[in-house]
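Okay, so here's the structure we're looking at.
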Amino acid sequence: MTSFEDFFVKCKCCEAFLIGKTPKTETVSQSALYSDGMIINDLIPLNPQKLVLCPACGYLFWLQQEDCLTAIAVEDEQKAYQWNSWRFFGCNLLDNKGRMALINHYWVALEKLNYIAVSQEIIIRKSLLWAYNDLYRDAGSWQFSDFLNGKISFNYWLSSKRFDQQGVELFNSEKERFIANLERLIYLLESSGTAEIAELAELYRELGDFGKASSLLQGVLRRTHFIGLLNRHVLEKNKNVFKVAG
Ligand SMILES: [Zn+2]
């Protein structure tokens, strides 16, 4: 089981304290890595949150490492906002409505932030890509055979199947915005020269441009486990995010 350490950050607008948590590296085990770069451990995404919406005043700010404190006064800690009130903008990612709400928060952030550097826009758009893929990332994790093997009840299997279907439907209904985000992310990564070839190949694959993904992969000399899997999914013309390890 992953255990966490508290940190504290003060909202620059209203000065409210927010309590955050970082996983203790030595307790992180059984992480799952996905093709889009998302890492999940014990149902919790490990990729650190960079953008925060203050739960007290609605101010949107970047979480800078140098602003994070390891301790604050006891009276401040008692009044501080808990992690679940601002983590993922307070959205419940175990619910499809919460997953959609997170997607919308990122779109609003892109509109609302007056000036953002390319590196910051890349962070938001990658987070947006992960949020979209979260709509179906764990779909099918419970199979009918799990009910037959007595791992879950029939009702649990049925409700998880409905939940998965709803997530896929929501993802499909967002296709236009999903593609717009991917195209802009690819443009930013290519023009800033900050992307790795494999990362770009993955983004083109998710876009459905298998020809471009394939030609990029031909330029990758190190044939890792990930590259092998990526190649296979490109050949199969599969656009879906997939689990790489874990
Ligand atoms: Zn605030």
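What FRET efficiency comes out for Met1 versus Ile197 if R0 is 35 angstrom and r is the Cβ-Cβ distance? Round to the nearest 0.05.
It comes out at approximately 0.45.
All other residues with a Cβ under 10 Å from the Cβ of Leu18 taken together, and with Lys, Arg as +1 and Asp, Glu as -1, what is their net charge? Write out the running numbers ahead of the final one.
On the way: positive: Lys10, Arg87; negative: none.
The answer is +2.
Would you work out the charge dipole size for the chain about its Cα centre, treating the Cβ of every Lys and Arg as +1 and the Cβ of every Asp and Glu as -1, and quote it to the nearest 20 debye?
600 debye
Might you report the magnitude of the Cβ-based charge dipole of the range 47-185 about its Cα centre, with Lys and Arg at +1 and Asp and Glu at -1, to the nearest 20 debye?
Approximately 380 debye in magnitude.
Would you mind checking the pairs Lys151/Lys239; Lys212/Lys243; Lys112/Lys212 and listing those with alpha carbons more than 24 angstrom apart?
In this structure, Lys151/Lys239; Lys112/Lys212 lie more than 24 Å apart at Cα.
How far is the Cα center of the range 24-39 from the Cα center of the range 43-100, in Å?
Using only Cα atoms, the two centres lie 20 Å from each other.
What net charge is computed for the residues neighbouring Gln166, neighbours being all others with C-beta under 15 Å from the C-beta of Gln166, Lys and Arg scored +1, Asp and Glu -1?
Value of the local net charge: -1.
Specify the residue with the greatest mean-square fluctuation among Leu110, Leu129, Leu102, computed from a Gaussian network of the chain linking alpha-carbon atoms under 10 Å apart.
Between Leu110, Leu129, Leu102, it is Leu110 that shows the largest mean-square fluctuation.
So which DSSP H runs in the chain come out at 30 Å plus along the axis (Cα) with average Kyte-Doolittle of at least -0.5?
Numbers: long enough: none.
None pass (Cα extent of 30 Å or more, hydropathy at least -0.5).
So for the chain, Kirkwood radius off the Cα pairs, Stokes-Einstein at 20 °C and 1.002 mPa s: how many µm² s⁻¹?
Details: Rh = 19.9 Å.
Answer from the Stokes-Einstein relation: 108 µm²/s.
Describe numerically, in nm with one decimal, the distance between label points set 7 Å from Cα along Cα→Cβ at Glu169 and at Leu69.
4.8 nm
What does the charge add up to near Arg177, with Lys and Arg as +1, Asp and Glu as -1, over the other residues with Cβ less than 12 Å from its Cβ?
Numbers: positive: Arg125, Lys175, Arg184; negative: Glu174, Glu176, Glu183.
Taking every other residue near Arg177 into account, the sum is 0.
Be a star and scan the range 87-127 for residues whose amide nitrogen sits under 15 Å from the point 7 Å along the Cα-to-Cβ vector of Ala180.
Output list for this probe position: 103-112, 125.
List every residue whose amide H lies under 5 Å from the amide H of Val244, counting only residues 5 or more places away in sequence or on a different chain, with H placed 1.01 Å from N in the peptide plane.
Leu33, Tyr34, Ser35
Is there a quick way to get the dipole size of the range 1-90? I mean about its Cα centre, with the Cβ of Lys and Arg at +1 and of Asp and Glu at -1; what is the value in debye to the nearest 20?
Here the size comes out at about 220 debye.
Each value in this text was obtained by applying a stated rule to the coordinates, not by laboratory testing. Everything numeric in this text was worked out from a predicted model, so none of it was measured. Please note: Cβ atoms are built from the backbone with ideal geometry, for glycine as well, and neighbour counts cover all protein chains shown.
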